[in-house]
Amino acid sequence: MSSEHGQTTGEYIQHHLTNLTYGQHADGSWGIAHSAEEVKEMGFAAINLDTMGWSIVLGALFIILFRLAARKATSGVPGGLQNFVEYMVEVIDNIVKESFHGKNDLIAPLALTIFVWIFLMNAMDLVPVDFIPRFFALFGVPYMKVVPSTDPNITFGLSISVLCLMIFYSIKVKGFGGFTGELLFQPFGKNIFLIPANLFLETMGLVVKPISLALRLYGNMLAGELVFIIIAAMLPLWIQWLPYFAWALLHLLIITIQAFVFMMLTIVYLSMAHESH
């Protein structure tokens with residue numbers, strides 16, 4: 001409960017929603033922000049160390065687990081890890097075959113990476129909200145936000161990467177002329193007077209895709225994390241476990257769906273980039 005930490009409910013919630021930020025202070029020195037005001041002063045060039053650190057750790061965990069399963073793969077009776085990895089690879093490979101209409105060997109591994117990495121980042125939301133921040137507070141760390149997908153820097157970073165892939169494969173498959181032709185002559189056809197309308201609509205459609213990807217993941221995960229924080233802030237410790245456990249069961253479905261939706265839309269968008277009108 002927030003009062004147990006010497007904070008009001010608002011202060012408690014604000015603390016748990018603040019990233020461990022490194023950047024330039026107002027006096028020109030560089031260091032870690034120790035208040036929400038200092039975070040705002042640091043501006044765009046600041047780095048959220050907790051977001052960066054946890055996303056890298058979880059990405060490395062994904063690589064290590066799947067690499068371990070690959071090295072220990074056997075044609076005999078498979079172990080639990082091999083069964084899980086083979087199932088994941090098979091399911092996502094089938095999804096790609098059904099949803100992706102081009103030919104590109106990168107799409108299935110990319111889809112697998114997106115799903116597992118985002119799922120692992122989302123799953124950090126299931127860790128009790130005070131557990132990791134309290135541990136790091138023992139070493140003088142003022143903030144520790146452990147769910148990378150509740151940081152728009154991560155969600156927009158992922159979605160902008162998808163946008164770059166869309167543009168790259170559109171130019172690679174259709175040629176630069178084909179790509180610009182779609183921007184200039186779709187959806188109203190090759191009429192010189194309609195080029196501005198075509199360009200506006202096609203550019204907006206291209207830009208909205210990554211924005212919607214980023215905001216959907218960010219909004220859903222931030223809302224879920226906020227519910228956990230409110231439960232911890234407003235209820236005594238002895239009764240928190242019941243609503244916490246109930247919300248965690250529902251949230252387990254949410255974190256899986258959000259990872260799946262991001263993966264599916266990425267596959268669909270890249271499939272569209274490989275197709276000609």
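The values are calculated or read from the model by the stated rules, or taken from the named source; none is laboratory data. Keep in mind it's a predicted model, so treat the numbers as computed, not measured. Counting neighbours? That spans all protein chains shown, and the Cβs are built from the backbone with ideal geometry, glycine included.
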Any idea how many residues of the range 38-65 are closer than 17 Å to ASN153 by Cβ and in a helix (DSSP H, G or I)?
17
Counted residues, the range 208-237 - those being part of a helix (DSSP H, G or I) and either under 14 Å from PRO128 (Cα atoms) or touching a His at 6+ places or on another chain (Cβ under 9 Å) (or both)
11
Please indicate, with yes or no, whether at least one residue in the range 32-51 is at pLDDT below 85, among the hydrophobic types (A, V, I, L, M, F, W, C) and surrounded by 14 or more Cβ atoms within 10 Å (Cβ to Cβ).
yes
Taking the range 18-31 and keeping residues at pLDDT 90 or above and either out of contact with any strand residue (DSSP E or B) (no Cβ under 9 Å at 6 or more places or on another chain) or assigned to a loop (DSSP other than H, G, I, E, B) (or both) leaves THR18, ASN19, LEU20
Provide a single number: the residues in the range 58-92 that are within 12 Å of LEU120 (Cβ to Cβ) and surrounded by fewer than 14 Cβ atoms within 10 Å (Cβ to Cβ).
4
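Quick check on my filter: what residues within the range 96-111 are surrounded by 14 or more Cβ atoms within 10 Å (Cβ to Cβ) and either over 11 Å from THR266 (Cβ atoms) or free of Cβ contacts under 8 Å to residues at least 24 places away in the same chain (or both)? Please lay out each step first, then the result.
First, pick out the residues of the range 96-111 that are surrounded by 14 or more Cβ atoms within 10 Å (Cβ to Cβ): 96, 99-100, 104, 107-108, 110-111.
Those that are surrounded by 14 or more Cβ atoms within 10 Å (Cβ to Cβ) and either over 11 Å from THR266 (Cβ atoms) or free of Cβ contacts under 8 Å to residues at least 24 places away in the same chain (or both): ASN104, ALA108.
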Need pairs with beta-carbon distance below 7 Å; first residue within 19 Å of LEU163 (Cβ to Cβ) and within the range 189-205, second part of a helix (DSSP H, G or I) and not hydrophobic (A, V, I, L, M, F, W, C); sequence gap 6+ or separate chains.
GLU202/GLU182
Check off (1) closer than 29 Å to TYR244 by Cα; (2) surrounded by 14 or more Cβ atoms within 10 Å (Cβ to Cβ); (3) without any contact (Cβ under 8 Å) to a residue 24 or more places away in the chain for ASN122 and give me the number that stays unchecked.
(3)
Mind listing just one residue for me: the one in the range 140-163 that is farther than 14 Å from LEU17 by Cα and of a type in the set (Ser, Thr, Tyr) and, of those, surrounded by the fewest Cβ atoms within 10 Å (Cβ to Cβ)?
SER161
Checking HIS16 against (1) more than 18 Å from LEU226 (Cα to Cα); (2) crowded, with 19+ Cβ neighbours inside 10 Å; (3) not hydroxyl-bearing (Ser, Thr, Tyr), the condition it does not meet:
(1)
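Report whether or not PHE245 is closer than 30 Å to VAL91 by Cα, under 19 Å from the mean Cα position of the chain (by Cα) and hydrophobic (A, V, I, L, M, F, W, C). Break it down stepwise before answering.
Values: closer than 30 Å to VAL91 by Cα: yes; under 19 Å from the mean Cα position of the chain (by Cα): no; hydrophobic (A, V, I, L, M, F, W, C): yes.
Against the criterion (closer than 30 Å to VAL91 by Cα, under 19 Å from the mean Cα position of the chain (by Cα) and hydrophobic (A, V, I, L, M, F, W, C)), PHE245 does not qualify.
Which of the helices (runs of 4 or more DSSP H) contained wholly in the range 75-191 include at least 1 residues that are in contact with a strand residue (DSSP E or B) (Cβ under 8 Å, 6 or more places away or on another chain)?
Result: 152-185.
Which one is surrounded by the most Cβ atoms within 10 Å (Cβ to Cβ), of the residues in the range 215-264 that are closer than 28 Å to LEU106 by Cβ and of a type in the set (S, T, N, Q)?
In this case the residue turns out to be GLN258.
If we keep just the residues of the range 195-206 that are among the hydrophobic types (A, V, I, L, M, F, W, C) and surrounded by fewer than 16 Cβ atoms within 10 Å (Cβ to Cβ), which is nearest to the chain's Cα centre (by Cα)? Before you say what the answer is, go through the steps one by one.
Initially, the range 195-206 is screened for residues among the hydrophobic types (A, V, I, L, M, F, W, C), giving 195, 197, 199-201, 204, 206.
In the following step, the residues that additionally are surrounded by fewer than 16 Cβ atoms within 10 Å (Cβ to Cβ) were identified as 195, 197, 199-201, 204.
Values: ILE195: 35, ALA197: 33, LEU199: 30, PHE200: 28, LEU201: 27, MET204: 22 Å.
The extreme case among them is MET204.
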